Amino acid sequence: MAINVNTVYTTVLSIINKEQRGYLTPDEFNKLSTQVQLEIFEKFFEDYNQFLRMPKTDVEFASRMDHIMEEFQIFEKNEDAFSTTATGVYTQPTDLHRFGTASYTKGLQSPILEIVGSRDYKQQILSPLTQPNTNFPIAKYQGDKITPFPSVTSFNPPLVPDKSDINFNYIRKPGDVRWGYTVGSLGQYIYDSRPFIATSLGLGNITSSTNFNSASATAGTYIVSQGAGASDAVYTAAAGNSGTGAKFSILVASTGALSSTTASIEVTESGSKDFGVGDTFVIAAGAFGGLTASITITLTAVNLMSATGQGSLQFEISESQQTDAVLGVLKYAGIIIKDTMVIQAAGGLQNLDEQNSKK
Amino acid sequence: MGLIDQTSSEYYEGEILYSPSGNVTNTLVWPSNMTPLIWANAATASSYDNYDVYVDTIKQDPTLSPYYITQALTSTITNGVTTQSLVLTSNADPNSGATIPIASGSVLTVRLKNVSIWDNYKSYEYTTLKDIVNNFMLAYVGTDKVISRVKRSDVLFHAKRGLQEFSYDTLRSVNVQELTIPASLSLVIPQDYVNYVQLSWIDSNGVKHIIYPTTLTINPTFVPLQDDRGLPTQDVYGNSIQAEQAITNSNWRKANDSSISGNVTNRDVNNGSNAFDWSWWKSAYGQRYGLDPVTSQKNGWFTIDERRGVFAFSSGLAGRLITLEYISDGLAYDTDSKVPKMAEDALYSYMVYNIISYMPKTPEYIVQRFKKEKSAKLRNAKIRLSNIKIGEFTQIMRGKSKWIKH
């Protein structure tokens with residue numbers, strides 16, 4: 001199970017505050033956490049390599065190799081090629097971080113492509129015994145693209161290249177860590193455990209994006225959900241968007257004409273992903289409290305969650321790495337707050353941990 | 001999971017039964033574990049199709065009433081599995097114009113033709129080269145295994161080389177062609193020929209009689225036309241001109257076999273033109289007494305003419321039915337690339353040894369260990385493939401002075 005970002009943040013803050021060493025803002029923490037997670041992630045592969053060369057045990061729970069594989073299995077993915085050309089050159093998936101293998105799904109039983117350099121390729125096709133075929137295909141891997149041999153265009157009958165011809169097995173890069181928050185009434189940061197979805201709506205006031213169209217209404221608080229009914233906020237998506245599930249709270253301070261001073265509209269539910277700039281919500285006349293004309297909300301970039309501090313992204317590395325994560329963030333926090341003691345203490349503990357694991 | 005993936009009916013009959021849809025078009029999916037269907041869309045008298053379609057046991061063709069079935073075969077590959085779809089379409093009767101769909105109560109049968117079924121029959125005896133390489137990569141290559149790292153193309157190379165070597169002296173991969181010797185007394189060497197095993201002529205009982213190679217004659221590899229000084233003549237480009245036919249070959253073809261074998265008749269003797277003419281004035285070659293066992297047979301001789309790429313036969317064999325047994329290297333055709341299971345382990349050992357022995361820094365004792373293992377397993381494979389059965393052996397020995405009990 002992955003490390004909870006709030007646990008790490010609060011632990012780091014506790015240590016720093018206890019020692020009177022200063023405060024680490026969420027933005028700083030997010031950057032440091034992402035960096036620390038990447039460091040730990042990269043170390044998996046070095047450790048894995050090292051464990052392969054060390055004496056091993058197969059005993060359950062004692063195998064370091066099994067343990068380290070368990071750590072990075074969450075990042076392992078199988079995906080078809082991102083795109084292909086008419087000549088059969090396939091682009092790797094965009095989130096590929098470490099290439100594992102590529103399978104040729106047009107070969108019998110999807111054989112693994114043997115990756116060769118240009119020189120090896122030339123040599124190999126010169127030898128009659130090692131000519132590539134659908135049972136033993138080879139591929140050149142250059143510029144994040146794979147060119148398999150034989151190409152599907154040379155089959156009998158020829159096939160049109162499709163991105164599903166090549167399936168990549170790879171390690172993706174860990175996502176950014178984000179400690180999300182909303183701002184409390186005292187200006188304090190409150191942990192927002194909802195998952196961060198960049199294209200969902202940010203909670204909060206959306207009045208500035210609203211056109212009241214000279215409408216008037218009766219004072220009161222009204223809840224309007226996204227929908228197709230007469231009392232709903234009817235959603236019209238801009239090209240490529242398709243958000244659902246948004247909900248608004250409309251506060252009319254005084255009966256009469258609506259304006260940004262007499263009324264405010266807040267997003268109370270962020271809805272799904274895929275909202276975007278240019279999307280509109282129209283609340284028709286009569287939808288609530290004697291509304292005389294329709295109200296139109298047109299989304300701008302600031303209305304999306306990506307423009308706020310809301311929504312959290314957890315660490316993806318497992319809980320067994322929590323100590324390393326805390327120490328890593330602390331080490332970098334020490335640099336930020338210019339405290340060598342924190343750096344040394346955190347660094348020392350990390351080294352000790354490292355040495356113990358390699359004994 | 002067992003290794004056999006065909007049902008008994010698929011294996012023995014080579015056929016799949018379908019229930020027609022009752023529509024004009026029937027789409028039949030051919031199982032991927034069967035020998036793939038082959039259909040030449042532009043069918044000609046000589047095109048090769050490997051299956052027939054039957055409706056209620058009646059073999060169909062596009063001119064047969066009442067369905068006038070035409071067909072189209074398509075293949076799709078998904079995740080490495082080829083799926084073949086056979087689309088059968090009923091067509092209008094050229095006389096009445098009516099199109100009759102195959103009734104849904106009928107039975108549609110797609111049956112492989114004999115050659116494809118025969119290919120299927122012996123498939124369990126062999127392992128494919130693809131499986132050999134895949135098994136090898138799985139079992140021998142990787143961390144904590146005999147070979148820590150090797151490219152698959154290297155493994156493929158050694159597997160194919162091993163198959164070639166085994167084909168020459170271990171595997172029973174003897175091909176036999178039945179041919180008739182034409183008046184030219186020459187037969188072209190087969191396309192996948194590596195070496196001959198035996199040539200025999202077949203008598204009316206089907207019994208074979210071995211035709212022996214001979215060194216009595218020779219096949220010149222270069223036959224220049226000479227000028228009166230004995231020098232080769234050249235064409236306008238400066239290349240030596242060669243004769244179409246060597247005189248040696250020509251003479252050999254005209255030779256009377258009995259002159260060589262000694263199987264002479266009175267007429268031959270009286271002709272006085274053969275090597276065994278014992279006239280006193282021909283005593284120069286009358287120095288032989290009796291018959292030379294090497295040449296004393298009447299089955300005929302053959303030589304291999306490398307210049308023309310043919311087997312050349314002696315004159316007495318013209319018009320004879322012969323069998324040509326020869327070995328190939330097992331790699332000529334895709335379907336060839338299979339290894340008898342009895343030699344599978346020997347091939348793995350051959351591959352391990354060859355890969356390890358060329359790896360730098362491999363301790364010599366390791367190399368030697370695998371060398372011994374390779375030799376032992378090859379010997380085992382040869383014994384297995386030599387197919388000695390004690391019952392047959394005993395039967396043979398019954399014709400000898402020593403009887404073996406078993």
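The values are calculated or read from the model by the stated rules, or taken from the named source; none is laboratory data. These figures come from a predicted structure and were not determined experimentally. Glycine also receives a Cβ, built like all others from the backbone with ideal geometry; neighbour counts cover every protein chain displayed. For accessibility, only protein heavy atoms count, side chains too; no ligands or nucleic acids. Shrake-Rupley method; radii C 1.70, N 1.55, O 1.52, S 1.80 Å.
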Residue list for region A:78-110, restricted to those being among the small types (Gly, Ala, Ser) and farther than 16 Å from B:Val81 by Cβ | A:Ala81, A:Ser83, A:Ala86, A:Gly88, A:Gly100, A:Ala102
Considering (1) without any contact (Cβ under 8 Å) to a residue 40 or more places away in the chain; (2) open to solvent by less than 60 Å² (accessible area, probe 1.4 Å), say which one B:Leu112 fails and leave the rest.
-> (1)
Can you name the residue in region A:96-126 that is within 9 Å of chain B (Cβ to nearest Cβ) and assigned to a loop (DSSP other than H, G, I, E, B) and, of all such residues, is nearest to A:Phe45 (Cα to Cα)?
-> A:Pro111
Over region A:185-222, the set of residues open to solvent by 20 Å² or more (accessible area, probe 1.4 Å), part of a strand (DSSP E or B) and among the hydrophobic types (A, V, I, L, M, F, W, C) is A:Ile190
First in region B:152-173 and at the interface with another protein chain (Cβ under 7 Å from one of its Cβ atoms), second anywhere and in a helix (DSSP H, G or I), Cβ under 6 Å, 6 or more apart | B:Ser153/A:Gln124; B:Ser153/A:Thr130; B:Leu156/A:Thr130; B:Leu156/B:Val133; B:Phe157/A:Leu129; B:Phe157/A:Thr130; B:Lys160/A:Leu129
Residues of region A:132-182 being of a type in the set (Asp, Glu), open to solvent by 30 Å² or more (accessible area, probe 1.4 Å) and on the phi < 0 side of the Ramachandran plot, which ones?
-> A:Asp162, A:Asp176
Using the structure shown, decide if B:Pro20 is surrounded by 12 or more Cβ atoms within 10 Å (Cβ to Cβ) and in contact (Cβ under 8 Å) with a residue 12 or more places away in the chain.
-> yes
What number goes with the only condition from (1) open to solvent by less than 40 Å² (accessible area, probe 1.4 Å); (2) of a type in the set (A, V, I, L, M); (3) at pLDDT 85 or above that B:Ala40 does not pass?
-> (3)
Kindly provide the set of residues from region A:68-81 that are more than 13 Å from chain B (Cβ to nearest Cβ) and touching a residue at least 60 places away in the same chain (Cβ under 8 Å), ordered by number.
-> A:Glu70, A:Glu71, A:Phe72, A:Ile74, A:Phe75, A:Glu76, A:Lys77, A:Glu79, A:Ala81
Which condition number in (1) closer than 30 Å to A:Leu304 by Cα; (2) outside any strand (DSSP E or B) is the one that A:Thr182 fails?
-> (2)
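Listed here are the residues, each with its yes/no results for (1) modelled with pLDDT of 85 or more; (2) over 21 Å from B:Leu129 (Cα atoms); (3) not hydroxyl-bearing (Ser, Thr, Tyr).
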{"position": "B:Ala284", "(1), (2), (3)": "no, yes, yes"}
{"position": "B:Gly290", "(1), (2), (3)": "no, yes, yes"}
{"position": "B:Phe311", "(1), (2), (3)": "yes, yes, yes"}
{"position": "B:Leu317", "(1), (2), (3)": "yes, yes, yes"}
{"position": "B:Lys338", "(1), (2), (3)": "no, no, yes"}
{"position": "B:Tyr348", "(1), (2), (3)": "yes, no, no"}
{"position": "B:Ser357", "(1), (2), (3)": "yes, yes, no"}
{"position": "B:Ala376", "(1), (2), (3)": "yes, yes, yes"}
{"position": "B:Asn387", "(1), (2), (3)": "no, yes, yes"}
Identify the residue in region B:136-145 that is of a type in the set (A, V, I, L, M) and crowded, with 16+ Cβ neighbours inside 10 Å and, among all such residues, is farthest from the other protein chains (Cβ to nearest Cβ).
-> B:Val141
Considering only residues of region B:217-247 that are closer than 16 Å to B:Trp301 by Cβ and surrounded by 14 or more Cβ atoms within 10 Å (Cβ to Cβ), which is farthest from the chain's Cα centre (by Cα)?
-> B:Thr217
Flag if A:Ser249 is more than 30 Å from A:Glu71 (Cβ to Cβ) and at pLDDT 90 or above | yes
What are the residues in region B:173-214 that are assigned to a loop (DSSP other than H, G, I, E, B) and of a type outside the set (A, V, I, L, M, F, W, C), if any?
-> B:Ser173, B:Pro182, B:Ser184, B:Pro190, B:Gln191, B:Asp192, B:Tyr193, B:Asp203, B:Ser204, B:Asn205, B:Gly206, B:Thr214
Look through B:Val188, B:Val194 and report the one residue that is under 21 Å from the mean Cα position of the chain (by Cα), open to solvent by 40 Å² or more (accessible area, probe 1.4 Å) and under 14 Å from B:Phe302 (Cα atoms).
-> B:Val188
What residue, among those in region A:138-179 that are in a strand (DSSP E or B) and of a type in the set (Lys, Arg), is farthest from A:Gln314 (Cα to Cα)?
-> A:Lys140
Mind telling me which of the residues A:Thr94, A:Thr7 ends up being hydroxyl-bearing (Ser, Thr, Tyr), surrounded by fewer than 17 Cβ atoms within 10 Å (Cβ to Cβ) and more than 30 Å from A:Ser154 (Cα to Cα)?
-> A:Thr7
Take B:Asp329 and decide whether it is part of a loop (DSSP other than H, G, I, E, B) and either open to solvent by 10 Å² or more (accessible area, probe 1.4 Å) or touching a Lys or Arg at 6+ places or on another chain (Cβ under 9 Å) (or both).
-> yes
Kindly establish whether A:Thr84 is open to solvent by 30 Å² or more (accessible area, probe 1.4 Å), more than 12 Å from chain B (Cβ to nearest Cβ), touching a helix residue (DSSP H, G or I) at 6+ places or on another chain (Cβ under 6 Å) and among the β-branched types (Val, Ile, Thr).
-> yes
Test each condition in (1) more than 12 Å from A:Asn167 (Cα to Cα); (2) open to solvent by 50 Å² or more (accessible area, probe 1.4 Å); (3) more than 9 Å from chain B (Cβ to nearest Cβ) for A:Val89 and report the one that comes out false.
-> (2)
For region A:40-57, indicate whether the set of residues that are touching a Phe, Trp or Tyr at 6+ places or on another chain (Cβ under 8 Å), surrounded by 13 or more Cβ atoms within 10 Å (Cβ to Cβ), among the basic types (Lys, Arg) and within 14 Å of chain B (Cβ to nearest Cβ) is non-empty.
-> no
Residue within region A:269-280 that is aromatic (Phe, Trp, Tyr) and surrounded by fewer than 20 Cβ atoms within 10 Å (Cβ to Cβ) present | no
At negative phi, modelled with pLDDT of 85 or more, out of contact with any Asp or Glu (no Cβ under 7 Å at 6 or more places or on another chain) and open to solvent by 30 Å² or more (accessible area, probe 1.4 Å): does that describe B:Ser296?
-> no
In region B:230-256, what residues are under 13 Å from B:Asp305 (Cβ atoms) and small (Gly, Ala, Ser)?
-> B:Ala246, B:Ser250
Go through the residues of region B:111-125 one by one and say whether even a single one is within 14 Å of another protein chain (Cβ to nearest Cβ) and of a type outside the set (Gly, Ala, Ser).
-> no
Of the listed residues (B:Asp93, B:Asp49, B:Asp56, B:Asp61), the one being among the charged types (D, E, K, R) and closer than 30 Å to A:Pro111 by Cα is B:Asp49
Subset of region A:1-58 [under 30 Å from A:Gly187 (Cβ atoms), of a type in the set (S, T, N, Q) and in contact (Cβ under 8 Å) with a residue 60 or more places away in the chain] = A:Asn4, A:Asn6, A:Thr7, A:Thr11, A:Asn30, A:Ser33, A:Thr34, A:Gln35, A:Gln37
